[in-house]
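Inspection log for the structure reproduced underneath, given as structure tokens.
The values are calculated or read from the model by the stated rules, or taken from the named source; none is laboratory data. Just so it is clear, the structure is predicted and the values come from calculations on it, not from any experiment. Neighbour counts run over all protein chains shown; Cβ positions are idealised from the backbone, glycine included.
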Amino acid sequence: SIYNCNVIELTKIHNRAGNITPVHGEFDIPFSIRRVYYLYDVPGGETRGGHAHKELHQLIIAASGSFDVILDDGKNKRTFTLNRPNYGLYVCPKIWRDLSNFSSGAVLLVLASERYSEADYIREYSEFLEFSNG
Ligand code: TYD
């Protein structure tokens, strides 16, 4: 359920020359990392997401700028605003997500548990509801 999805505070190594945030799979986050991708140059007003994953675990980080993530487990919804690089939103499998309100220059960094597979996507909301209730 969406109540298993939470914001994780990551380490921030701070000094006067700036910050570093390291993320270790299976240690800082509850899965091992097999893929990293990032979303950027999102035009103002554009939305993304609009799908669920069957098996994939993800950590979503606002590496730069801000955006909103709306999570939906078929019963309840929660909205998270991400705007700090040392926090990540853990999204477990079987959760529908919509991404919106990207600030200009936003970079959405994703740490993912699996390689890309279109077969892992559910892109029809009606199919998601059947899948999540079944
Ligand atoms: P998608 O996950 O639907 O984007 P978003 O949720 O950000 O709107 O992916 C968009 C396209 O990019 C789709 O055609 C699949 C492709 N893609 C890959 O080839 N590899 C990847 O790792 C990802 C995330 C997407």
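Here are a few things to note about the model shown:
- Whichever residue in segment 49-75 is in contact (Cβ under 8 Å) with a residue 60 or more places away in the chain and of a type outside the set (Asp, Glu) and, among such residues, is surrounded by the fewest Cβ atoms within 10 Å (Cβ to Cβ): LYS75
- With respect to being more than 15 Å from the ligand (Cβ to nearest atom) and either closer than 29 Å to ILE13 by Cβ or out of contact with any Leu (no Cβ under 7 Å at 6 or more places or on another chain) (or both), ASN101 falls outside the description.
- Among strands (runs of 3 or more DSSP E) entirely within segment 15-134, having at least 2 residues that are at pLDDT 95 or above and among the hydrophobic types (A, V, I, L, M, F, W, C) singles out 35-39, 58-64, 67-72, 77-82, 87-91, 96-100, 107-112.
- Leading residue by the ranking (farthest from ILE8 (Cα to Cα)) among those in segment 89-98 that are within 10 Å of the chain's Cα centre (by Cα) and more than 11 Å from the ligand (Cβ to nearest atom): CYS92
- Within segment 87-127, the set of residues being farther than 22 Å from ASP41 by Cβ, among the charged types (D, E, K, R) and in contact (Cβ under 8 Å) with a residue 24 or more places away in the chain comprises LYS94, GLU114, ARG115, ASP120, ARG123.
- Residues in segment 99-125 that are of a type outside the set (Val, Ile, Thr), over 10 Å from the mean Cα position of the chain (by Cα) and within 17 Å of HIS53 (Cβ to Cβ): SER113, GLU114, ARG115, TYR116, SER117, GLU118, ALA119, ASP120, TYR121, ARG123, GLU124, TYR125.
- Residue satisfying all of: in segment 1-35; surrounded by 11 or more Cβ atoms within 10 Å (Cβ to Cβ) and of a type in the set (A, V, I, L, M); farthest from LEU59 (Cα to Cα) among these: ILE20
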